[in-house]
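First up is the structure itself, then whatever we jot down about it.
The values are calculated or read from the model by the stated rules, or taken from the named source; none is laboratory data. Note that the structure is a prediction, hence the values are computed from the model and not measured. Ideal geometry is used to build each Cβ from the backbone, glycine not excepted, and the neighbour counts take in all protein chains shown.
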Amino acid sequence: MRMLETAERAVATARVALLTRPGGSLELRDVPVPPLGEREVLVRIDACAVCGSDLHTAHGRRPHPLPAILGHEIAGTVVAVGAGPDVVDVVGEAITAGEQITWSVCASCGECDRCRGGLPQKCRQLFKYGHAANDEHSLAGGFASHVVLRPGTAIVRLPAGLTAVAAAPASCAVATAAAALRVAGDLHGRSVVVLGAGMLGLSVASLATARGAASVTVVDSRPERLDLLAAAAPQANTVPWSGDEAGLEHLVTGVLVADGADVVVDAGGSVATAQAAMRLIATGGTCVLAGTVAPVGNAACDPERIVRRQATIRGVHNYRPEDLAAAISHLASPAGAGLASLVGPVMPLDAIDEALVMAAAGTAVRVVVTP
């Protein structure tokens, strides 16, 4: 049994940005750092990216327990590890103070039917960082100076050369993209269409290119987002689409996807993009719906088209530990360097409200907050 590492005692308080009501400003407070329980990990946050789901919650577009510390795309440095058996990373190596890490958005029990069935992100005792109500016993989100990791969290070390800022989106957008392509299967020689060029869609395009897709086409209504493919996935085709029905017909019958695509990923998360994704599947192809993380209404689907094309429709929400490891590996690789370069700008925690406004404006792919 390992005794509690003494570094924890040097950290008495943490700075947090607390959401107390939907649509309200976040309140900056200094709160006590709770004593570490067995196999818990105290981490100093080095960077936390603002995800679209943070904006949905902050603006009251989806229910959330309050008060809460939002933020779940996080990288940081280990300060202390609680007593008990070793806390290990995804490859089984013990975590120690001073190491820079990222971790899964979820902590899972590892024992329930869903965990045993390969869905740890749907654990029956699931805990999600940045999604839980905050109390005096928890530091549970990334808009803060410190966070406490619970047992059952998948931890990945950051490789040399990958900064915390560049790594922060790995634990949501990039890992979710890796999960979406994992369920789509082998990409070699296959065509891929991505709807939406936010961080999720850019990540899908970058990963699909690296994984050997024959062609990658990204669709978005924002020309400035499509321009980012020059860095994220230079070989990708780009197609503007306003989201209207006439434009959808052009997509369905257009030269780039005349027979549909082998893999279609909806990273946009709207009714229009979901409907388009299901229309664009080629015979024998797979559609992955991954972008809808807040209620948007019902999307129409032609069941005969799906049946006759023998198509597969999959939903992906969050990811497995191996997807997070794949995300970090990609961002640290030459193939992922362009995607990593798009992360920013960086703003201080004390300017959290301004950071959320900037993120909501959509002018930056990923605004990052640092304590």
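Worth a mention:
- Residue in region 85-106 that is within 18 Å of G37 (Cβ to Cβ), touching a Cys at 6+ places or on another chain (Cβ under 9 Å) and assigned to a loop (DSSP other than H, G, I, E, B) present: no
- Evaluation of C287 against the conditions (1) within 20 Å of L202 (Cα to Cα); (2) among the hydrophobic types (A, V, I, L, M, F, W, C); (3) in a helix (DSSP H, G or I); (4) modelled with pLDDT of 95 or more shows that the sole unmet condition is (3).
- Being closer than 25 Å to L342 by Cα, buried (at least 24 other Cβ atoms within 10 Å of the Cβ), within 19 Å of the chain's Cα centre (by Cα) and hydroxyl-bearing (S, T, Y) is true of S104.
- Residues (over 22 Å from L19 (Cα atoms) and either without any contact (Cβ under 8 Å) to a residue 24 or more places away in the chain or in contact with a Phe, Trp or Tyr (Cβ under 9 Å, 6 or more places away or on another chain) (or both)) located in region 124-154: R124, Q125, G152, T153, A154
- Meets criteria (crowded, with 24+ Cβ neighbours inside 10 Å, at pLDDT below 95 and either over 16 Å from the mean Cα position of the chain (by Cα) or farther than 18 Å from C51 by Cβ (or both)) for A133: no
- Count - residues of region 36-84 that are part of a strand (DSSP E or B) and touching a Lys or Arg at 6+ places or on another chain (Cβ under 6 Å): 5
- Flag if A166 is crowded, with 20+ Cβ neighbours inside 10 Å, not hydroxyl-bearing (S, T, Y), not assigned by TED's automatic domain parsing to the domain that holds A326 and not in a strand (DSSP E or B): no
- Across region 38-68, the qualifying residues are those that are modelled with pLDDT under 95 and either hydrophobic (A, V, I, L, M, F, W, C) or within 26 Å of V88 (Cα to Cα) (or both), and the one among them that is surrounded by the fewest Cβ atoms within 10 Å (Cβ to Cβ) is L66.
- Candidate set: region 71-99, residues that are surrounded by fewer than 20 Cβ atoms within 10 Å (Cβ to Cβ) and within 20 Å of the chain's Cα centre (by Cα); chosen: the one farthest from R15 (Cα to Cα): V90
- Sole residue being over 29 Å from V343 (Cα atoms), among the small types (G, A, S) and touching a helix residue (DSSP H, G or I) at 6+ places or on another chain (Cβ under 9 Å), chosen from G110, G142, G118: G110
- Selection count, region 212-225, where residues are surrounded by fewer than 20 Cβ atoms within 10 Å (Cβ to Cβ) and either closer than 22 Å to I281 by Cβ or touching a helix residue (DSSP H, G or I) at 6+ places or on another chain (Cβ under 6 Å) (or both): 4
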